[in-house]
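See structure below.
The values are calculated or read from the model by the stated rules, or taken from the named source; none is laboratory data. All values derive from a computational prediction rather than experimental measurement. So basically every Cβ, Gly included, is an ideal-geometry build from the backbone, and we count neighbours across all protein chains shown. Heads up: the accessible areas ignore ligands, DNA and RNA and are worked out on the full protein's heavy atoms, side chains in. Shrake-Rupley method; radii C 1.70, N 1.55, O 1.52, S 1.80 Å.
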Amino acid sequence: PAPKVGAESVRRSRLGRQIMVSFLLIALIPLGIVATVNFFLAQRTLLDTETEYLEAIAVRQVNSFHTDLNETQDIVSLVSHSPGAWMTLGAFKDVQADDIGTYQETTGYKELISEHSRGLKKLVTELGFNRIYLVNPEGIIVFAMPDIDADYRDLNNEANAESEIFKLFQRTERLMSSQTSDFRIDPMTGEPALFISAPVLHKGEYLGMV
């Protein structure tokens with residue numbers, strides 16, 4: 001006959017199992033903690049690496065933008081020295097708001113624009129500009145390519161009071177140097193635009209800005 005298992009044996013067996021389970025828990029809990037810590041450390045390292053990578057890309061893009069912007073400012077400065085710019089502004093430097101709509105009908109204006117508009121249009125298309133404005137010292141856009149509504153030709157008009165081009169005109173006249181506007185909606189077109197200006201000087205006389 002099979003030997004009877006006593007209560008003491010059962011108790012010892014149960015105790016052995018409990019001790020084994022306790023040892024397993026004691027071993028697994030630290031392993032779990034280590035695994036969790038390693039997971040979060042690896043995740044943090046990955047995020048830091050990704051952040052550094054994105055920051056490096058951003059720096060390169062900003063540097064590239066600054067380089068392009070500086071080159072464009074140099075080009076605009078060259079345009080400000082072109083005969084088409086200083087001759088047009090020189091001829092119409094005294095045009096005021098009351099003259100808008102009439103000076104464009106004069107023979108002198110038509111002849112001047114006929115002579116220089118092709119060159120200015122070539123500058124716009126070949127240099128990649130969307131528009132070109134010639135603004136006299138009175139704040140009047142005496143030449144625009146493409147053409148704009150007469151209401152926007154006077155930068156002192158309420159329609160332009162908060163426009164970036166009006167602020168640009170003020171800074172250019174005050175600082176007598178190339179300036180760049182903020183990238184904002186242009187009320188003339190209803191589209192986002194960034195303007196770059198340069199003062200137009202001829203023989204020491206300020207004729208306006210391009």
message: Once neighbouring chains are kept in place and the probe is 1.4 Å, which whole percent of the accessible area of segment 90-189 is contributed by carbon and sulfur?
response: 45 percent
Cβ crowding within 10 Å averaged over residues, with 179-191, 35-47, 156-168 ranked highest first: 156-168, 179-191, 35-47
- prompt: What translational D, rounded to a whole number of µm²/s, comes out for segment 125-210 from Stokes-Einstein when the hydrodynamic radius is the Kirkwood one over Cα pairs, at 25 °C and 0.890 mPa s?
  reply: 188 µm²/s
- line: As straight-line cross-link partners of K167, the qualifying lysines (C-alpha separation under 24 Å, not fewer than 8 residues apart within one chain) are K93
- request: Report, ordered by chain and residue number, the aspartates and glutamates lying within cross-link reach of K110, taken as a straight Cα distance under 16 Å and ignoring same-chain residues fewer than 8 apart.
  value: D99, D147
statement: With the dipole of segment 78-153 defined by +1 on each Lys or Arg Cβ and -1 on each Asp or Glu Cβ, the option from I141, S82, G128 whose Cα lies farthest towards the positive pole is G128
message: Give me P(r) over segment 131-172, computed from all C-alpha to C-alpha distances, binned every 5 Å, as integer percentages.
response: 6, 24, 38, 27, 5
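I need the per residue convex hull volume for segment 59-210, using only the alpha carbons, in cubic angstrom as a whole number. Walk me through the numbers on the way to the answer.
Numbers: hull volume 16.7 nm³, N = 152.
Hull volume normalised by residue count: 110 Å³.
In square angstrom, what is the accessible area per residue of segment 97-165 with a 1.4 angstrom probe? Intermediate values should be presented prior to the final figure.
On the way: 3800 Å² over 69 residues.
For segment 97-165, the per-residue accessible area is 55 Å².
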